[in-house]
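Asker: Mind looking over this structure? Questions follow.
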Amino acid sequence: MKRVPLAVAALGWLILLAGCGLAANPQPPTLWLPEPVKDLTAARVGEEVQLHWTMPRDSTDKLRLKGEQRAHICWTAEEPILKPAPAPGKSGPRKPGSGKSGPHFDVKNCTTAGDAEFTPDKPAEFTAKLPSEMRAGAPTAIRYVVELQNHAGKTAGPSNPALVATGPAPAAVEGLRAEARAEGVLLHWTPAPAQPSLLLRIHRLWVGQKAELKEASKSNGVPPPEQQTLEVDLGKADAGEALDRDAVLNHVWRYTAERVQRVQIGGHTLEIAGVPSGSVTIDAKDVFPPAVPGGLAAVADEQAHSIDLSWTPDTENDLAGYIVYRRDVTAGTGAQRISPQAPVVPPSYEDAHVEPGHRYAYAVSAIDVDGNESARSGEVVEGLPSSGETP
């Protein structure tokens, strides 16, 4: 029998192993654990807690998540506790929310608020009912967390905790209504007793086409914001009304409002919002004239054979100009418009159509871009002397 050298035999086995594709170490299968949520926020509104966050796009293995992902939502009065993950093969019976990859969430003192499924890489929201025992008594802070789970119920850990305050919510706003004023939109509501750190939060939404919004406030080139939040301090008194000076007239606005209580708990400023009011919509038409011009003065100019007028300018943003009226005192005629059809822009006017020996009474009104005309100013009287007459 012919013997094969040992070195040659070993070389043959190495070649055989290489041909079987075992040159590299085998990779463990992915667990498809979603990355933990990092931007959870919570807002207390009446008897509810509104949660918002962004679903992760990838798993902890940096693989793109596919399909809806499970989310477990719970709350605790304590700071959530992260414990080291059990070693592989030593995890024992699985508790809800436990996993083998990285630290896991100790749910011992976390009360379930709900479970749902959400799409990866999309905004997510969940509304939880605040337990009835948490809606009374002195305010305290509780923490909500979201724990994403894979198909086997394992997790890579909880989200950041989001704090909300317990305790009674402020009374809902009732009787909300709005009326247009020259200065903006005046809001009314049913007053309630004042409370420290209580405020009224008003939400204004512009209703209409965006192209129309760009045409607003042409006089100063600044269009109004599509939506804006205003706050009224109710800590000392509730007057039941507030003027929204930023609501541009000739636009449609929609308002809602809620009372908000601010509380200090453990170095945190938290808010408890009451149930929002019903919405009220107002078509804020501009039917308000500018202010009556003041300071009207008249000076006769014999050389130019005219009477020069001047007055104090109005300051309204929607001012289009002025209209000049004259009546012939000597002839006993009524007042007539003597300025052109287009409004006079500067606060001055030259009346070159006067007769010597006649005295004239002048008045001026202001008009806005919507054609709203103010009342006329008080009259001033002036005239040119007759030939040879000493003024």
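Asker: Using 0.36 nm per residue of separation minus the Cα-Cα distance, give me the extension gain between Ala171 and Leu243 in nm, one decimal.
Answerer: Working: separation 72, 0.36 × 72 = 25.92 nm, distance 2.16 nm.
Result for the pair: 23.8 nm of gain on full extension.
Asker: Here's something else I'd like to know. Calculate, in nm to one decimal, what Thr269 and Lys236 gain on full extension: separation in residues at 0.36 nm each, minus their alpha carbon distance. Could you put the intermediate results ahead of the total?
Answerer: Values: separation 33, 0.36 × 33 = 11.88 nm, distance 1.96 nm.
Length gained, Thr269 through Lys236: 9.9 nm.
Asker: If I model a spin label at Gln336 and Ala116 as a point 7 Å from the Cα along the Cα→Cβ vector, what separation in nanometres do I get?
Answerer: Label-label distance for Gln336 and Ala116, simple model: 7.5 nm.
Asker: Further, regarding this structure: Work through the residues other than Leu296 whose Cβ is under 11 Å from its Cβ and net out their charges, Lys, Arg +1 and Asp, Glu -1. Let's see the in-between values first.
Answerer: Numbers: positive: Arg376; negative: Glu379, Glu382.
Net charge around Leu296: -1.
Asker: Now for a separate question. With label points built 7 Å along Cα→Cβ from the Cα atoms of Gln228 and Ala375, find their separation and express it in nm.
Answerer: Rounded to a tenth, the inter-label distance reads 3.0 nm.
Asker: Right, something else. List the relative contact order of the stretch 294-383 as a percent without decimals, with contacts defined as Cα pairs under 8 Å and 6+ residues apart. List each step's numbers first, then the result.
Answerer: Details: 187 pairs, mean separation 30.9, N = 90.
This gives 34 percent for the stretch 294-383.
Asker: A follow-up question, please. Using the scaling law 2.2 N^0.38 Å as the reference, what is the normalised Cα Rg of the stretch 294-383?
Answerer: Details: Rg = 12.9 Å, N = 90, 2.2 N^0.38 = 12.2 Å.
Here the Cα radius of gyration is 1.06 times the empirical estimate.
Asker: Moving to a separate point now. Return the FRET efficiency for the residue pair Thr140, Glu68: r is the Cβ-Cβ distance, R0 is 45 Å, and the value is rounded to the nearest 0.05. Could the numbers behind the result be given before it?
Answerer: Details: r = 34 Å, r/R0 = 0.76.
So, using R0 = 45 Å, E works out to roughly 0.85.
Asker: Want the number for Ser310 to Asn250: 0.36 nm per residue separation, take away the alpha-carbon distance, what's left? Don't skip to the end; give the middle numbers.
Answerer: Working: separation 60, 0.36 × 60 = 21.60 nm, distance 3.11 nm.
Extra length available between Ser310 and Asn250 comes to 18.5 nm.
Asker: Which ordering of Asp244, Asp370 is given by a fewest-first count of other beta-carbon atoms within 10 Å?
Answerer: Working: Asp244 19, Asp370 14.
So the ranking, lowest neighbour count to highest, is Asp370, Asp244.
Asker: Quick one: Debye curve from the alpha-carbon atoms of the stretch 177-284 only, equal weights, vacuum; give me log10 I(q)/I(0) at q = 0.16 Å⁻¹ to two decimals.
Answerer: -0.75
Asker: If the cut-off is a Cα-Cα distance under 16 Å, which aspartates and glutamates reach Lys154, setting aside same-chain residues fewer than 8 apart in sequence?
Answerer: Output for Lys154: Glu35, Asp58, Asp61, Glu68, Asp106, Asp115, Glu117.
Asker: Pop a pseudo-label 7 angstrom from the Cα along the beta-carbon direction at both Ser279 and Gln195 and give the gap in nm to one decimal.
Answerer: 2.7 nm
Asker: Taking 41 Å as R0, compute the FRET efficiency from the Cβ-Cβ separation of Thr41 and Ala182 and round it to 0.05. Please list the in-between numbers first.
Answerer: Values: r = 40 Å, r/R0 = 0.98.
Taking R0 as 41 Å, the efficiency between Thr41 and Ala182 is 0.55.
Rule-based calculations on the coordinates, nothing more; no lab input. All figures in this text were calculated on a predicted structure; none of them were measured in a lab. We place every Cβ from the backbone using ideal geometry, glycine too, and count neighbours over all the protein chains shown.
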